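Before any comments, here is the structure.
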């Protein structure tokens with residue numbers, strides 16, 4: 001799998017529709033839906049354990065609400081803590097996702 005190119009900035013692993021593909025590692029995650037043409041970003045976050053975070057996420061209901069009946073996808077970029085925190089800020093500012101407003 002080639003991965004999901006995020007606006008020419010990063011190539012994420014995925015997109016995946018099931019958490020079994022997610023690793024218990026530090027990184028950034030991107031929640032999206034495929035609208036038939038492109039992946040529309042719903043949420044972006046970071047965690048020290050992406051598998052656990054996505055499997056038990058407090059915004060999962062928001063994702064479903066904004067998915068409009070389309071299947072959710074998660075893409076990942078595994079990296080260390082300073083990188084993941086910086087990437088999350090950069091990508092949230094660029095995409096302004098509808099879920100997880102801070």
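Name every residue in region 71-96 that is closer than 16 Å to residue 42 by Cβ and surrounded by 15 or more Cβ atoms within 10 Å (Cβ to Cβ), in order of residue number.
72, 73, 74, 75, 76, 88, 91, 92, 95
Of 7, 49, which residue is surrounded by fewer than 18 Cβ atoms within 10 Å (Cβ to Cβ), more than 11 Å from the chain's Cα centre (by Cα) and at pLDDT below 95?
The conditions single out 7.
Which count do you get for residues in region 49-78 that are assigned to a loop (DSSP other than H, G, I, E, B) and over 17 Å from residue 100 (Cβ atoms)?
5
State yes or no: is residue 76 in contact with a helix residue (DSSP H, G or I) (Cβ under 7 Å, 6 or more places away or on another chain) and at pLDDT 95 or above?
Here the answer is yes, as residue 76 does meet what is asked.
Being surrounded by fewer than 13 Cβ atoms within 10 Å (Cβ to Cβ), under 20 Å from residue 9 (Cβ atoms), out of contact with any helix residue (DSSP H, G or I) (no Cβ under 6 Å at 6 or more places or on another chain) and modelled with pLDDT under 95, is that true of even one residue in region 29-40?
Kept after step one, since they are surrounded by fewer than 13 Cβ atoms within 10 Å (Cβ to Cβ), are these residues of region 29-40: 35-38.
Right, trim to under 20 Å from residue 9 (Cβ atoms) and you get 37-38.
Narrowing the set further to residues that are out of contact with any helix residue (DSSP H, G or I) (no Cβ under 6 Å at 6 or more places or on another chain) leaves 37-38.
Then drop every residue that is not modelled with pLDDT under 95, which leaves 37-38.
Yes, because at least one residue in region 29-40 is surrounded by fewer than 13 Cβ atoms within 10 Å (Cβ to Cβ), under 20 Å from residue 9 (Cβ atoms), out of contact with any helix residue (DSSP H, G or I) (no Cβ under 6 Å at 6 or more places or on another chain) and modelled with pLDDT under 95.
The values are calculated or read from the model by the stated rules, or taken from the named source; none is laboratory data. Predicted model, so just to flag it, every value in this text is computed and none were measured. Reconstructed Cβ throughout: ideal geometry from the backbone, glycine too, with neighbour counts over all protein chains shown.
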